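Participant: Sharing a structure here in structure tokens format.
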Amino acid sequence: MATPGRACACSCAAMTDQEAYARADAVFTGRLVERQVQSRGWGPWKRHGSGDPATLVFEVSAVNKGKVSRRQDLVTASNGASCGLEADEGSEYLVFAQRDGGVLRADLCGGTRSAGEHLAVPTVSARPPIPGDATGGLAPSPRGTDDGLPVAGRVAIAAGLTAPIIVVLLLVRRRRPHGRGSGSGDAGD
């Protein structure tokens, strides 16, 4: 029996450019050149949800903060209902992102907006991006080999690989003599 998913809505607190800039690990201007959504499930059960991760690929023209490559991946939720960036391919944006490990992430509440709106942080000057690409936003990346297995499938595989190791360890432990040197065995043995 299927039940409809819960409705979600993104709600953001107002934030000044100074607050968004201070919170961000990277701030850059770039044109969105590609959008990839990683859906959950596999085969006929593959489905798209607003919370599915999406990788946005930007051609970066200027960097205001942090390390950003000329071609930069950014991870967000796939839909604005889950606070994902609602960005159109070909359009230019001023992006405020946080670093999560080696991945840049952004959402609707972080200050990202059309590049036509000026960055109101007076002491910040723009510089060129780092040459090269910074790809691999999702794990596994949509650019890589996505086997499409759901989480339950991955857990089952991990359990199947781990179970034989546990059995071997238990068998080895049973074969070891117990109580050696502990004085807990019978004296008549």
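Participant: I want to check the label-to-label distance for Asp133 and Ala14. Put each point 7 Å from Cα in the C-beta direction and report it in nm to one decimal.
Facilitator: Going from the Asp133 label point to the Ala14 one covers 4.2 nm.
Participant: Here's something else I'd like to know. Counting only residues 5 or more places away or on other chains, whose amide H sits under 5 Å from the amide H of Asp52 once H atoms are built in the peptide plane?
Facilitator: Ser78
Participant: Through the Karplus equation 6.51 cos²θ - 1.76 cosθ + 1.60, θ set to phi - 60°, convert the phi angles of the range 115-125 into ³J(HN,Hα) values in whole Hz; use x for Gly and Pro.
Facilitator: So the J values, rounded to whole Hz, are 5, x, 8, 5, 7, 8, 10, x, 8, 9, 10.
Participant: 5 Å is the cut-off here: which amide hydrogens, built 1.01 Å from N in the peptide plane, fall below it relative to Arg70, excluding neighbours closer than 5 in sequence?
Facilitator: Ile130, Gly132
Participant: With the crude spin-label approximation of a point 7 Å out along Cα→Cβ, what separation in nm comes out for Val124 versus Ala81?
Facilitator: In this crude spin-label approximation the distance works out to 3.2 nm.
Participant: Give me the distance in nm between label points sitting 7 Å out from Cα along the Cα-to-Cβ direction at Leu169 and Glu59, one decimal.
Facilitator: With each label point 7 Å from Cα toward Cβ, the separation is 5.3 nm.
Participant: Moving on. Within a Cβ distance under 14 Å of Gly132, other residues only, what is the Lys/Arg minus Asp/Glu net charge?
Facilitator: Summing Lys and Arg as +1 and Asp and Glu as -1 gives 0.
Participant: Separate question: How fast does the range 67-129 diffuse by Stokes-Einstein, in µm²/s, taking the Kirkwood radius from C-alpha pairs at 20 °C and 1.002 mPa s?
Facilitator: Estimated via Stokes-Einstein, D reaches 167 µm²/s.
Participant: Tally Lys/Arg at +1 and Asp/Glu at -1 over every other residue whose Cβ is under 12 Å from the Cβ of Phe58; what's the total?
Facilitator: -2
Participant: In addition: Could you list which residues have their amide H under 5 Å from that of Lys65, counting only those 5 or more apart in sequence or on another chain, with H placed in the peptide plane?
Facilitator: So Lys65 has HN proximity to Val27.
Every number here is computed from the coordinates shown, using simple stated rules; none is lab data. Given the structure is predicted, the values throughout are model-derived calculations rather than measurements. Glycine gets a Cβ as well: all are built from the backbone with ideal geometry, and neighbour counts include every protein chain shown.
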